[in-house]
Amino acid sequence: MDNWDEIRTAYHVARLGTVSGAAEVLGVHHATVIRHIDALEQRLGVKLFQRHPRGYTATEAGEDLLRVAAATDDQFSQLAGRIKGRGRDVTGELVITSLAGLDGLILPVLAAFRAEYPGIVLRYLTGERLFRLEYGEAHVAIRAGAVPDQPDNVVQPFIRMAPALYAAPAYADRHGLPDTPEDLSGHFFVANDDRANRAPFNQWLWNTIPQDNVVFRSTDMNALEMAVVRGMGIGFLSQWEADAHPQLLEIAPPRPEWEAALWLVTHVDLHRTTKVQSLLSFLKAHARSLSSDADSGTDADAEQESGPDAAKGSDA
């Protein structure tokens, strides 16, 4: 409907009877109103109004247009009301995208969130592909590494992953355990097969451990976790992964050079919606609890953001 502005202008002229009245309602100059009416009449090939000193009176064709335009304007108003109403509700679909392997961190939050808001439908999408928030592919993204800098995104700190090296008792029985950090290079490891993966702990492993000693490699984070649990080698696990396997032995505690930051990313157009803010609150609360329990160094409670909202004093 390329000429909807003209039709809407004609509707208000017919409703109010004057060019000045329509111009005030529409917030435009009266010359714009006259130009819209003239263009619409020329396009339709009929007179929509009779001009007289007191204003404009709709012709029969103008009355037809008035009825159609009034119904359309009312439908738009109802649609806007429904959309605004949904924005205040924690209902409908909520799409979260994350790195693979964060299930143990994220799913407890999503389970608690779903219990609190039974009207929500959650879609949890993982993988290496960067989902485009500006195209509406997700409401909330959890990303790792340097601060995301895509325009029109609001970026907030979530947690810092502080992985440690673990081994299973079965591995210790077969190969023993390293006595010093220097002994690590003489042991067998499991690692991410993607050497381009920029996680600091992954880069450290490939730069420190002899290649032949990395005996199990996979891009599946769950497979790497299970390889450690089954005693195939020593490997990096986050605290929430290790907590699920209390029998594992910590070989080396977390080091600052192994840490990786996680970020909460939302698009500015959806950042302020109630359901997005509600989920962000759940995620931050979970991060704070991890910080209290394990001194993980989280920044999730910091009142800082980057992105368009930061300049507006965002407090989310």
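The values are calculated or read from the model by the stated rules, or taken from the named source; none is laboratory data. What you are looking at is a predicted structure, and each value in this text was computed from that prediction instead of being measured. Here the Cβ positions follow ideal geometry from the backbone for every residue, glycine too, while neighbour counts run over all protein chains shown. Areas reflect the complete protein model, heavy atoms only, side chains present, ligands, DNA and RNA absent. Shrake-Rupley method; radii C 1.70, N 1.55, O 1.52, S 1.80 Å.
See the values below:
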item	result
Antiparallel DSSP beta bridges within the chain, percent to nearest 5	60
Rounded accessible area of His36 (nearest 10 Å², 1.4 Å probe)	40
Which of Ile96, Leu205, Thr274, positive extreme of dipole for the chain (C-beta unit charges)	Thr274
Within the chain: Cβ-based charge dipole about Cα centre, in debye rounded to nearest 20 (Lys, Arg +1; Asp, Glu -1)	1240
Asp220-Ala172 pseudo-label distance in nm [points 7 Å out on the Cα-to-Cβ vector]	2.8
Alpha-carbon Rg/Rh ratio, for segment 91-142, with Rh computed the Kirkwood way	0.97
Three semi-axes of the equivalent ellipsoid, segment 125-259, Cα gyration tensor, whole Å, largest first	31, 15, 14
Those GluC sites (Glu not before Pro) in segment 110-193 that DSSP places in a loop and that have at most 14 other beta carbons within 10 Å	Glu128
Förster-model FRET efficiency, 22 Å R0, His245 and Arg129, C-beta, rounded to 0.05	0.15
Two-decimal log10 I(q)/I(0) for segment 111-168, as the Debye equation yields it once each C-alpha is a single scatterer, q = 0.13 Å⁻¹	-0.53
Accessible area, probe 1.4 Å, largest first, for residues Phe131, Phe216	Phe216, Phe131
Placed amide H near Arg132: partners under 5 Å, 5+ positions off or other chain	Glu137
Förster-model FRET efficiency, 30 Å R0, Asp149 and Ala252, C-beta, rounded to 0.05	0.35
GNM flexibility winner over the chain from Ser238, Ser98, Ser218 (Cα, springs under 10 Å)	Ser218
Rg followed by Dmax, in Å, when segment 6-55 is reduced to its Cα trace	9.9, 27
Accessible surface ranking that places the most exposed of Met161, Met232 first, with a 1.4 angstrom probe	Met232, Met161
³J(HN,Hα), Karplus 6.51/-1.76/1.60, whole Hz, each residue of segment 279-286, x for Gly, Pro	5, 4, 5, 5, 5, 5, 4, 5
Trypsin sites (Lys or Arg not before Pro) restricted to DSSP loop in segment 87-155 with at most 12 other C-beta within 10 Å	Arg129
Summed side-chain charge close to Asn202 - residues other than Asn202 whose Cβ falls under 15 Å, Lys, Arg +1, Asp, Glu -1	-4
Per residue solvent-accessible surface (Å²) - the chain, probe of 1.4 Å	53
Full-stretch length increase - Thr18, Ser278 - with 0.36 nm per residue and alpha-carbon distance subtracted	88.9 nm
Label of the coordinate-derived value, percent of Cα pairs over 38 Å apart, listed as (i) 41; (ii) 8; (iii) 27	(i)
Integer Hz, Karplus 6.51/-1.76/1.60 couplings in order for segment 56-64, x for Gly and Pro	10, 10, 5, 7, 4, 5, x, 5, 4
Trypsin sites (Lys or Arg not before Pro) within segment 145-253: DSSP coil, no more than 16 neighbouring Cβ in 10 Å	Arg195, Arg198, Arg230
Overall form of segment 176-234 per C-alpha gyration tensor (a/c, 1.5; a/b vs b/c)	oblate
